[in-house]
1. Calculate the spin-label point distance for PHE164 paired with ARG197, positioning each point 7 Å from the Cα along the beta-carbon direction, and give it in nanometres.
2. With each run of n ≥ 4 DSSP H residues scored as -39500 (n - 2.57), what mean residue ellipticity at 222 nm is computed for the chain after dividing by its residue count and rounding to the nearest 500 deg cm²/dmol?
3. Given a cut-off of under 8 Å on Cα pairs at least six residues apart, what relative contact order in percent is computed for the stretch 2-245?
4. Which residue fluctuates most in the GNM of the chain (Cα springs below 10 Å): HIS233, HIS13, HIS44?
5. Span-like helices, the chain: DSSP H, alpha-carbon axial extent 18 Å or more, mean Kyte-Doolittle 1.6 or greater, which ones?
6. For a quick check of your reading of the filter: which trypsin sites (Lys or Arg not before Pro) in the stretch 171-248 sit in a DSSP loop and have no more than 14 other Cβ atoms within 10 Å?
7. For the stretch 2-245, with the dipole built from +1 on Lys and Arg beta-carbon atoms and -1 on Asp and Glu ones, taken about the Cα centre, which of ASN202, GLY167, VAL56 lies farthest toward the positive end?
8. With charges set only on the Cβ (+1 for Lys and Arg, -1 for Asp and Glu), what does the dipole of the chain come to about its Cα centre, in debye to the nearest 20?
Amino acid sequence: MPENSGSNNSFTHSRLRSFIYVWLAGFIGSVSYVPAIPKLIPEHVRLPFSMNTLVVLSVFQSVIFITIFAAVGALLTPRIGFRAYLADVPIKKKVFWIVLKRQLFYGAPIGLAGSIVAYFIAPDFVAYLNMYPFLTRLFGSLTEEVIMRWGIMTIITWILWRIFQHGIGIPKESLIWSVVLLSQILFAIGHTPTLIRFGTTNPVWCVFTIFIVSLPWGWLFWKHGLESAFIAHASFHAFTALFVAVKL
């Protein structure tokens, strides 16, 4: 009995660490997006309250979503094999850096490849990205990954696993591949309103580009943990900005 109790406590502690770790990442991303919020309001629109109030409300709404998805992910990921590896690694231990280097090894090259694809096939999309201050791209790199990968991809995988496998074993690869495709379609389409708001000349092609570029990020989350998806997304933005800066 004491052994089971200790095991349960350890499992609960691991979930709590995952929740705090993921929530902090999402919160940092949300705060970084503050400078971009005023740009989302068309000039002819009159707000019933001040811009500062809108910023506070926007951040508050984002924090609610982050809290929900961070909690749901922490609850469900252990059941289906998804991980946020660094949440379970002591920061001062050598293994932390080993894990981080592995995430960089997989995430950074995929982010680079995505930036090359976007830069050369969708200049309209790249121009859209440059409308935002660079720091605000942490929102995509962190908060969007918390919501889409840790949250939505996990929830869909868990539901389908319960329906088609009755919660037995681990989700089959075919099931997870289906979820990767579905979640990436949702992720790409979710950008449509903002793309239209900023006047991209071909929003459909931009959505297709987002789908192609971000498709490997779901695979990274599945195979190598949430951090590798963070890194791929951040690398995509960093390399894209670099290509624009040097006028490649």
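Laboratory data are not the source of any read-out in this text; all were calculated from the coordinates shown. Nothing here was measured: the structure is a model prediction, and the numbers come from that model. Using ideal geometry, Cβ is built from the backbone for each residue, glycine included, and neighbour counts are taken over all protein chains shown.
1. So the two model labels end up 3.5 nm from each other.
2. Values: 9 runs with 173 residues, N = 248.
One gets -24000 deg cm²/dmol as the mean residue ellipticity at 222 nm.
3. Numbers: 285 pairs, mean separation 78.3, N = 244.
Normalised by residue count, the contact order of the stretch 2-245 is 32 percent.
4. Result for the chain, Cα springs under 10 Å: HIS44 fluctuates most.
5. Values: long enough: 2-32 (45 Å, -0.07); 51-80 (43 Å, 1.76); 94-121 (41 Å, 1.18); 173-189 (24 Å, 1.85); 203-224 (31 Å, 1.10); 226-245 (29 Å, 1.30).
Span-like helices here: 51-80, 173-189.
6. Values: sites: LYS172, ARG197, LYS223, LYS247; in loops: LYS172, LYS247.
Of the trypsin sites (Lys or Arg not before Pro), the ones in loops of the stretch 171-248 whose Cβ has at most 14 other Cβ atoms within 10 Å are LYS172, LYS247.
7. It is GLY167, whose Cα lies furthest towards the positive end.
8. Charge dipole, the chain, about its Cα centre: 440 debye, nearest 20.
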